[in-house]
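What follows is a set of notes on a single structure, which appears directly below.
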Amino acid sequence: MLKKEKYLQKIYQGNIQRYGSNPKIRKVMVGPLAIGGGAPIIVQSMCSTDTRDIKATLAQIHRLTEAGCELVRVAVPDESASAALSAIVAEAGVPVVADIHFHYKRALEAVKAGVAKIRINPGNIGSADRVKAVVDACGSAGIPIRIGVNSGSLPDDILDRDSHKVTAHGMVDAALREVELLEREGFHDIIVSMKATETSVMIESNRLFRQKSDIPLHLGITEAGLPGYGSIKSAIGIGSLLIDQIGETIRVSLSSPPEEEIEVCWWILEATGVRRRSPELVGCPTCGRIEIDLIELMKDVQKILKDVSIPVKVAVMGCVVNGPGEARDADIGIVGGKGKGMIMRNGKIVRSVDEDKLLSAFGEELKILCYEREVAKDKDLS
């Protein structure tokens, strides 16, 4: 079962954020999760299992949540998949989103099963009566709807208008058209996503939509590709929007097991300064001034940080020329050179030691820093 207090504590505890989502954006509740309204940016993914296989689907959901996923979508293509939802929702441990295609009855069945949100494509629910039936069911149950616009399935009239090219304006028009249908029925718990294969189209679509609406946005590049190139493509698209405070939830869609998506999501959040769940390790680029085996030192520091869950910034610098200045913004840093080394905290030198004692000195100071952070966190929670 989804234990609300424990689940929310995991999401909010230890987050160091320059900002959450934009506080001016409409807040939508997805189960116990607040989306938008200044809440943390949420990491989500989608199961690749057959939803009808309850055991396999739950196993993958648990692997995803262990990796750091906070919201999981499952496909609901038929009545058999709908029938599995109740058992999945009961044991998932995170809010479950039902991905609905073409048949409005699947949405009604998902609502009865207790999902936290349903996701639809523009125009795929059918007639106005069917849209009303879905809206009424979701409204009564307090379940939001995500309108998922995809560059591969834009409405024909919009494609005809735009000479069969996928454009940012076409993506936005498709989203707003569906928003209008839902809001006409008095339904406002809406989230929108506009995913395109082309990074530039995805970025422009979300920028244009944000100018027109305060509805929360779910960000992602569709069909991003294999983990290497796909991760970079996703980082550019999602990251550029997050830096401008556009986007309330994210997914990195890769041609790989979905568990691999989660680490990339967190790297994007951490690189943009939005959320952090683990230490950030930075180091100077190698150059002719380096007077220490910087790469091996960074690997050793990384091993020490592996079991640290407190989000601190750690700098490892290889010379005394730029090292002290570059380590100034870090919570803790190492500056090495000529057989000696310094440990710095918040820009100040706290220890100077021989090179062979550098790692042990760093470990000792890191423990002190982590203890201080834990004490401060306990005071904040009390």
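No lab work stands behind these numbers, since they all come straight from the coordinates. Because the structure is a prediction, the values reported are computed rather than measured. Cβ atoms come from the backbone with ideal geometry, glycine included; neighbour counts cover every protein chain shown.
Pairs of Cα atoms nearer than 8 Å and 6+ residues apart set the relative contact order; for segment 4-271 it is 18 percent. ALA315 sits among other residues whose Cβ lies under 10 Å from its own Cβ, and their net charge, with Lys and Arg +1 and Asp and Glu -1, is -2.
Distance between the 7 Å Cα→Cβ label points at PHE102 and SER153: 1.0 nm.
Express as a percent, rounded to the nearest 5, the fraction of DSSP beta bridges in the chain (both residues included) that run antiparallel.
30
Remark on ILE42: its backbone amide H falls under 5 Å from those of THR249, ILE250, a criterion applied only to residues 5 or more positions apart or on other chains, H modelled at 1.01 Å from N.
Between LYS348 and ARG184, the simple label model (points 7 Å from Cα in the Cβ direction) yields a spacing of 6.5 nm. Each of (i) 1.04; (ii) 0.99; (iii) 0.97 is a candidate for Rg/Rh (Cα atoms, Kirkwood Rh); the one calculated from this structure is (i). Give, in nm to one decimal, the length gained when the segment between LYS112 and GLU296 is fully stretched (0.36 nm per residue of separation minus the Cα-Cα distance). Stretched out fully, the LYS112 to GLU296 stretch lengthens by 60.7 nm.
Taking each of LYS303/LYS348; LYS55/LYS303; LYS27/LYS165; LYS165/LYS212; LYS212/LYS233; LYS195/LYS299 in turn, the alpha-carbon distance tops 28 angstrom for LYS55/LYS303; LYS27/LYS165; LYS195/LYS299. In the chain, helical runs assigned H by DSSP with n ≥ 4 each contribute -39500 (n - 2.57); averaged across all residues and rounded to the nearest 500, the mean residue ellipticity at 222 nm is -14000 deg cm²/dmol. Add +1 for every Lys or Arg and -1 for every Asp or Glu among the other residues with Cβ under 13 Å from the Cβ of GLU185, and state the total. Taking every other residue near GLU185 into account, the sum is -3. Amide H to amide H distances under 5 Å link LEU71 with SER45, where only residues 5 or more positions off or on other chains count and H is placed in the peptide plane.
Each label point was placed 7 Å from the Cα along the Cα-to-Cβ direction; for ILE232 and ASP162 their separation is 2.6 nm. Put simply, the amide H of ARG351, placed in the peptide plane, has neighbours under 5 Å in ILE343, leaving out anything fewer than 5 places away on its chain. The HN-Hα couplings worked out from phi for segment 269-274 by the Karplus form 6.51 cos²θ - 1.76 cosθ + 1.60 (θ = phi - 60°) are 4, 6, 5, 8, x, 7 Hz, whole numbers, x standing for Gly and Pro.
The simple Förster model, with R0 at 22 Å and r as the Cβ-Cβ distance, assigns TYR371 and GLU66 a FRET efficiency of 0.25.
Taking R0 as 56 Å, what's the FRET efficiency between THR286 and ASP129 from their Cβ-Cβ distance, rounded to 0.05? Walk me through the numbers on the way to the answer.
Details: r = 66 Å, r/R0 = 1.18.
The computed FRET efficiency comes out at 0.25.
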